[in-house]
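Working notes for the structure below.
The values are calculated or read from the model by the stated rules, or taken from the named source; none is laboratory data. Quick caveat: nothing in here was measured; it's all calculated off a predicted structure. With ideal geometry, Cβ positions are generated from the backbone for all residues, glycine too; neighbour counts draw on all protein chains shown. Accessible surface is based on the protein model in full, side chains and every heavy atom, while ligands, DNA and RNA are left aside. Shrake-Rupley method; radii C 1.70, N 1.55, O 1.52, S 1.80 Å.
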Amino acid sequence: MVANPPKVWLNASSAAISHPNKEENGEDFMLYVGLEWEKAFNAIKNPNTRKVALRISLVFGKEGGALIPLKKITKLGLGGKQGSGKQMVSWVHTKDFVATTNYAIENQAITGPIVVAAPDAISNTKLMSTIRQTLNVPFGLPAFSWMLKIGGFIIGTEPSLILNSMKVYPEKLEKNGYEFRFDTLKSALKDILK
């Protein structure tokens, strides 16, 4: 216990916790990490500190985040569906990510876990199609699940980050009055990619 505890403690976690949907082989890296991370966060008792667990979806931005590699492969003609293409993708624009974080700090009514995602979850097929349209790329070759698993092994990343479905909704943020600046994928990509 600290002498002067903070008024609010934010924990960055994964939106996968809010929609656990396992990959075909039963592995879900983000779900496991998120659950363990929040378990440790909740184990620490601070009665005078408001605790908020930010369950963050994919973050799309100009300078970094999940959209940068998708933009690169799309420009190379590899921006087709990934895996089945049916898996759902929840995302948030970096500007809304920062704004929701500040909103959680300032709004005393927000406590516990909150989903940080735009209210416009879409399929992987729709995501890649919208990226191609925004970048004016006429086609995109698909990446099958086995390709992503081999590629993930080679570069040392989890293919479940792409193959797992994640459809979450920012219910607590909206109930507390937060209005997304970028509430549709089209508006977000227009701002980021143009």
- request: Kindly indicate whether A66 is hydrophobic (A, V, I, L, M, F, W, C), open to solvent by 20 Å² or more (accessible area, probe 1.4 Å) and at pLDDT below 95.
  value: yes
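Look at A118 and say whether it is in contact with a helix residue (DSSP H, G or I) (Cβ under 7 Å, 6 or more places away or on another chain), open to solvent by less than 20 Å² (accessible area, probe 1.4 Å) and not polar (S, T, N, Q).
Details: in contact with a helix residue (DSSP H, G or I) (Cβ under 7 Å, 6 or more places away or on another chain): yes; open to solvent by less than 20 Å² (accessible area, probe 1.4 Å): yes; not polar (S, T, N, Q): yes.
Judged against the criteria, A118 is a match.
Could you please let me know if A143 is closer than 21 Å to A16 by Cα, in contact with a strand residue (DSSP E or B) (Cβ under 8 Å, 6 or more places away or on another chain) and open to solvent by less than 60 Å² (accessible area, probe 1.4 Å)?
On the way: closer than 21 Å to A16 by Cα: no; in contact with a strand residue (DSSP E or B) (Cβ under 8 Å, 6 or more places away or on another chain): yes; open to solvent by less than 60 Å² (accessible area, probe 1.4 Å): yes.
No.
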query: Any idea which residue in region 74-99 is farthest from the chain's Cα centre (by Cα), counting only those that are under 22 Å from V137 (Cα atoms) and open to solvent by 50 Å² or more (accessible area, probe 1.4 Å)?
result: L76
- request: Please work out which one of (1) at pLDDT below 95; (2) in contact with an Asp or Glu (Cβ under 8 Å, 6 or more places away or on another chain); (3) among the hydroxyl-bearing types (S, T, Y); (4) surrounded by fewer than 18 Cβ atoms within 10 Å (Cβ to Cβ) is the condition S160 fails and give its number.
  value: (4)
message: Among the numbered criteria (1) in contact with a strand residue (DSSP E or B) (Cβ under 7 Å, 6 or more places away or on another chain); (2) at pLDDT below 95; (3) at negative phi, which one does G112 miss?
response: (3)
query: Just wondering, is there one or more residues in region 153-165 that are in contact with a strand residue (DSSP E or B) (Cβ under 6 Å, 6 or more places away or on another chain) and either within 17 Å of V59 (Cα to Cα) or not charged (D, E, K, R) (or both)?
result: yes
task: Filter region 101-115 for residues that are open to solvent by less than 50 Å² (accessible area, probe 1.4 Å) and over 18 Å from G64 (Cα atoms) and give the result.
output: A104, N107, I110, G112, I114, V115
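So, in region 6-28, how many residues would count as being surrounded by fewer than 17 Cβ atoms within 10 Å (Cβ to Cβ), outside any strand (DSSP E or B) and either among the aromatic types (F, W, Y) or modelled with pLDDT of 85 or more (or both)? Step through it out loud before you land on a result.
Quick first cut of region 6-28, residues surrounded by fewer than 17 Cβ atoms within 10 Å (Cβ to Cβ) only: 6-12, 20-22, 24-27.
Within this subset, residues satisfying the condition of being outside any strand (DSSP E or B) are 6-7, 20-22, 24-27.
Filter once more, keeping what is either among the aromatic types (F, W, Y) or modelled with pLDDT of 85 or more (or both): 6-7.
Qualifying residue count for the region: 2.
In region 115-157, which residues are basic (K, R), over 15 Å from Q87 (Cβ atoms) and at pLDDT below 95? If you could, list the steps in order and put the result at the bottom.
Residues of region 115-157 basic (K, R): 126, 132, 149.
Then keep just the ones that are over 15 Å from Q87 (Cβ atoms); that gives 132.
Matches in region 115-157: none.
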